[in-house]
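> Sharing a structure, written as structure tokens. Questions coming.
The values are calculated or read from the model by the stated rules, or taken from the named source; none is laboratory data. Small disclaimer: the values here were computed from a predicted structure and weren't measured. Neighbour counts are summed over all protein chains in view; Cβ atoms, including those assigned to glycine, are modelled from backbone coordinates with ideal geometry.
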Amino acid sequence: MEDDFDFIAGLCQGCDSIGLPELDDDVLNRLYTYFKELKRWNKKINLIAKKTTDSEILEKHFLDSLTLLPLLAGESPHILDIGTGAGFPGLVCKAAKPELKLTLVEPRQKRVAFLSHITRTLQLENVSIMDCRAEDEAMLPSDGGYTHITSRAVSEVKVFLEMSSRFMKPGVQIICMKGPKWEEELALWEQNQGSRQIQLISRKEYRLPQLKGSRHLLVFEQNKIV
């Protein structure tokens, strides 16, 4: 790890380079605390790859998560983050925008312990941490009042849309965070659609400053014609 790494400066520069809103001091301090606790806990439990550098943590996990912020508009947004792991992207967005309501889904107990710790440490309210899988209707009912559903853990567009379909209601958005193979995955989903109940309504592209690869946010909604 880089002993002289300046997380806050790097995060500010990263947000500026990809056109994200400027973060205030309170937000920057919360995210820096999150970053430090992530590194500390990662020495004991497997949260992220052990050899990930500080600059990679900043870009792959924090900056990438923050790209969702411009999409979380509207009154009383409530994010459902499926397979959140160490809180990416949902808990990072919550740290940046505390007024969000957040439900984190994570079946691995050690990661649940970390999520609980960060939520307490950052004094975040309206965070529910569900130690289950997305299919668990008893613990995660379909009518949970979610406005946005997202995940970085589910690899394919088709799989994630099928997993999220039971939460879909008019106005609810599913946000898929994808890499450069988004077109291939989208085409596979389109070929296998049956009832056409869900439609792609927008796509936003980002290029992270250091890692170069393109990142795409694909936003889906229930088809109003159905």
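> With respect to residue 178, is the statement that it is over 28 Å from residue 138 (Cα atoms), touching a residue at least 40 places away in the same chain (Cβ under 8 Å) and surrounded by 17 or more Cβ atoms within 10 Å (Cβ to Cβ) true?
Criteria met by residue 178.
> Since residue 188 meets every condition but one in (1) more than 19 Å from residue 65 (Cα to Cα); (2) of a type outside the set (D, E, K, R); (3) in a loop (DSSP other than H, G, I, E, B), which condition does it not meet?
Going through the list (1) more than 19 Å from residue 65 (Cα to Cα); (2) of a type outside the set (D, E, K, R); (3) in a loop (DSSP other than H, G, I, E, B), residue 188 breaks only (3).
> May I pose another question? Answer yes or no: is there a residue in region 114-136 that is touching a Pro at 6+ places or on another chain (Cβ under 7 Å) and acidic (Asp, Glu).
Looking through region 114-136, at least one residue is touching a Pro at 6+ places or on another chain (Cβ under 7 Å) and acidic (Asp, Glu).
> So, residue 65, is that one closer than 20 Å to residue 161 by Cα, touching a residue at least 12 places away in the same chain (Cβ under 8 Å) and either more than 15 Å from the chain's Cα centre (by Cα) or part of a helix (DSSP H, G or I) (or both) or not?
Taking the combined requirement at face value, the residue satisfies it.
> Would you be able to tell me the number of residues in region 1-28 that are touching a helix residue (DSSP H, G or I) at 6+ places or on another chain (Cβ under 8 Å) and within 17 Å of residue 91 (Cα to Cα)?
4
> Taking the condition of being in a helix (DSSP H, G or I) and within 18 Å of the chain's Cα centre (by Cα), how many residues in region 166-185 meet it?
The total comes to 2.
> Further, regarding this structure: Tell me which residues, restricted to region 191-212, are more than 14 Å from residue 68 (Cα to Cα) and outside any loop (DSSP other than H, G, I, E, B).
191, 198, 199, 200, 201
> Just to verify a result, which residue in region 99-136, among those that are closer than 17 Å to residue 35 by Cα and in a loop (DSSP other than H, G, I, E, B), is farthest from the chain's Cα centre (by Cα)?
123
> Of the numbered conditions (1) surrounded by 14 or more Cβ atoms within 10 Å (Cβ to Cβ); (2) modelled with pLDDT under 95; (3) not polar (S, T, N, Q), residue 51 satisfies every one except a single condition; which is it?
In the conditions (1) surrounded by 14 or more Cβ atoms within 10 Å (Cβ to Cβ); (2) modelled with pLDDT under 95; (3) not polar (S, T, N, Q), residue 51 misses (1) alone.
> Also: How many of the residues making up region 13-57 are part of a helix (DSSP H, G or I) and either among the acidic types (Asp, Glu) or closer than 29 Å to residue 106 by Cα (or both)?
Total satisfying the criteria: 25.
> Read through the list (1) surrounded by fewer than 17 Cβ atoms within 10 Å (Cβ to Cβ); (2) in contact (Cβ under 8 Å) with a residue 40 or more places away in the chain, then give the number of the only condition that residue 159 fails.
The failed condition is (2).
> Does residue 91 satisfy being under 13 Å from the mean Cα position of the chain (by Cα), under 30 Å from residue 161 (Cα atoms), modelled with pLDDT of 95 or more and not in a helix (DSSP H, G or I)?
no
> Could you identify the single residue in 119, 150 that is in contact (Cβ under 8 Å) with a residue 60 or more places away in the chain and polar (S, T, N, Q)? Talk me through it step by step, then tell me what you get.
Values: 119 fails: in contact (Cβ under 8 Å) with a residue 60 or more places away in the chain.
None of the others qualify; the one that does is 150.
> Now for a different question. Looking only at region 60-116, filter to residues that are surrounded by 18 or more Cβ atoms within 10 Å (Cβ to Cβ) and among the acidic types (Asp, Glu); which one of those is nearest to residue 12 (Cα to Cα)?
Result: 64.
> Determine whether region 93-112 contains at least one residue that is closer than 22 Å to residue 211 by Cα and in contact (Cβ under 8 Å) with a residue 40 or more places away in the chain.
Checked region 93-112: no residue is closer than 22 Å to residue 211 by Cα and in contact (Cβ under 8 Å) with a residue 40 or more places away in the chain.
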